[in-house]
Amino acid sequence: MTQASTATATTSKWGGGQSPYNVSYGKIMMWFFLLSDALTFGALLISYGTTRFASNVWPDPNEVFHSFPVLSDLLHKPMPLMFVSLMTFILILSSVTMVLAVHAGHYNDKKGVIRWMLLTIIGGICFLACQAWEWTHLYHTGAWWGSFIDAPLDSVKHLFNMHKPGTAEAIAANPSVAANATHDFYNYFFTITGFHGAHVTSGVILNIMLLINTVNGTYERRGHYEMVEKVGLYWHFVDLVWVFVFTCFYLL
Amino acid sequence: MSAHHHHEDIQSLYEGDQSKLYSGVLAHHSDIKSEESRKQVKRIWQVTGLLSLVTIIEVAIGLGAHYAGVHSALILTVFLVLTIVKAAYIVRVFMHLGDEKKNFVFAVLLPLSLFIWFIIAFIVDGKHWLHMNNTQADTINIESTK
């Protein structure tokens, strides 16, 4: 090996036999997979944005997502942004516990990896439970793929006009825009949060597999915890996508 | 597994494990309680605080704008900038992309610059359709003119 590298020292470092990125194959491929996944999520979100730009009116997220389990019924008042903030915070925290698991892995600290992986899994399950509640709640208000509901043409409370003041005038000019905008909004919402939720689900399953392998000492025998790093990349990416979903669906 | 067989077993079990050649995963770090380790953990919690703070600011602006009934392009821009800031910290610190070699960072990030074209092209398209629907709808949709 030493002779070989001396002999090829004059050739390009991209000429083979070396690792110009100094990253293992598995980690490079995880990054490139995430790159392709980013393009998929990007396509979905940009398609959503285009449809929104092409609409005279659009559902106001603060009117659509205003419920909080128990609390909003108890207080009899809408609580916009509160529940999704909780979900966002849960996902950020589970990303933190994941990076701490990766950190423990760097130091071959098996107990640390187990502890932080366990918390990461709990965080992921909490997030999924929140999403299940939100979907169920929306479903019971009549929202689903293909639904036009929640847009009675006499009520424009939940819509706002992005392009000029006066939602009511825009709807009066063309009543179908209200129903169409609501229809599009829910289709995109359930598709994109559903696609993200599927990522969280598979992430939780991968994390459980990691935990089992760690407890069984697989990585300890292997001599390194790089698998925790690779799955960690995927888990952080899921958090990263949520940052954009949060902005696109709940804030804008 | 006895201690003196340990290394050999790794070799035979993971002959094709490139992780041992590259990435330095076998380069033994010191103790988890070392100064270096504590510094790294501190950085992780600092970034956690920052991400939470940015989220709280976003929610505060969102609620403020909602109750004031304001929808402005400036607020949208602020949200987008804060989102990019959060994304950058997650990728740089949590995903450790900041610790990789420059050429690898570019290999991952450069393809994403496609999004610049992607976003501009589709927003322009959406605006065009809005314009067409608002001004030319009657000439396209014959039903509505009857």
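The values are calculated or read from the model by the stated rules, or taken from the named source; none is laboratory data. In this text the structure is predicted, and so the values were computed from the model without any measurement. Using ideal geometry, Cβ is built from the backbone for each residue, glycine included, and neighbour counts are taken over all protein chains shown.
When B:His71 is tested against (1) within 22 Å of A:Asp239 (Cα to Cα); (2) in a loop (DSSP other than H, G, I, E, B), only condition (1) is not met. Looking across the range A:37-59, just one residue is assigned to a loop (DSSP other than H, G, I, E, B), among the polar types (S, T, N, Q) and modelled with pLDDT of 85 or more, and that is A:Ser55. Candidates B:Gly62, B:Gly69, B:Gly49: the one that is surrounded by 14 or more Cβ atoms within 10 Å (Cβ to Cβ), free of Cβ contacts under 8 Å to residues at least 60 places away in the same chain and closer than 30 Å to A:Pro78 by Cα is B:Gly62.
Scanning the range A:107-123 for residues being facing another protein chain (nearest Cβ under 8 Å) and touching an Asp or Glu at 6+ places or on another chain (Cβ under 8 Å) gives a total of 2. Return a yes/no flag: does the range A:237-250 have any residue that is out of contact with any strand residue (DSSP E or B) (no Cβ under 6 Å at 6 or more places or on another chain), more than 14 Å from every other protein chain (Cβ to nearest Cβ) and assigned to a helix (DSSP H, G or I). There is no residue in the range A:237-250 that is out of contact with any strand residue (DSSP E or B) (no Cβ under 6 Å at 6 or more places or on another chain), more than 14 Å from every other protein chain (Cβ to nearest Cβ) and assigned to a helix (DSSP H, G or I).
Looking only at residues in the range A:173-220 that are at pLDDT below 90 and of a type outside the set (A, V, I, L, M), which one is surrounded by the most Cβ atoms within 10 Å (Cβ to Cβ)? In this case the residue turns out to be A:Thr182. Considering A:Phe89, A:Phe53, A:Phe33, the condition of being at the interface with chain B (Cβ under 10 Å from one of its Cβ atoms) and within 22 Å of B:Ile119 (Cα to Cα) is satisfied by A:Phe53 alone. The condition (being facing chain A (nearest Cβ under 8 Å), surrounded by fewer than 18 Cβ atoms within 10 Å (Cβ to Cβ), at pLDDT 90 or above and assigned to a helix (DSSP H, G or I)) is satisfied by just one residue among B:Ala87, B:Ala107: B:Ala87. As a summary of the residue check, A:Thr97 satisfies the conditions (1) more than 11 Å from chain B (Cβ to nearest Cβ); (2) of a type in the set (S, T, N, Q); (3) over 18 Å from A:Val245 (Cβ atoms); (4) under 21 Å from the mean Cα position of the chain (by Cα) except for the one numbered (1). From the list A:Val99, A:Val70, the one residue that fits, being closer than 30 Å to B:Ile116 by Cβ and of a type in the set (A, V, I, L, M, F, W, C), is A:Val99. If you go through the range A:37-47 and pick out every residue that is more than 10 Å from chain B (Cβ to nearest Cβ) and not polar (S, T, N, Q), you end up with 3. One residue stands out among those in the range A:60-86 that are modelled with pLDDT of 85 or more, crowded, with 20+ Cβ neighbours inside 10 Å and more than 10 Å from chain B (Cβ to nearest Cβ): the one that is farthest from the chain's Cα centre (by Cα), which is A:Phe68. Quick check: is even one residue across the range A:100-107 in a helix (DSSP H, G or I), at pLDDT 85 or above and surrounded by fewer than 20 Cβ atoms within 10 Å (Cβ to Cβ)? No; the residues of the range A:100-107 include none that is in a helix (DSSP H, G or I), at pLDDT 85 or above and surrounded by fewer than 20 Cβ atoms within 10 Å (Cβ to Cβ).
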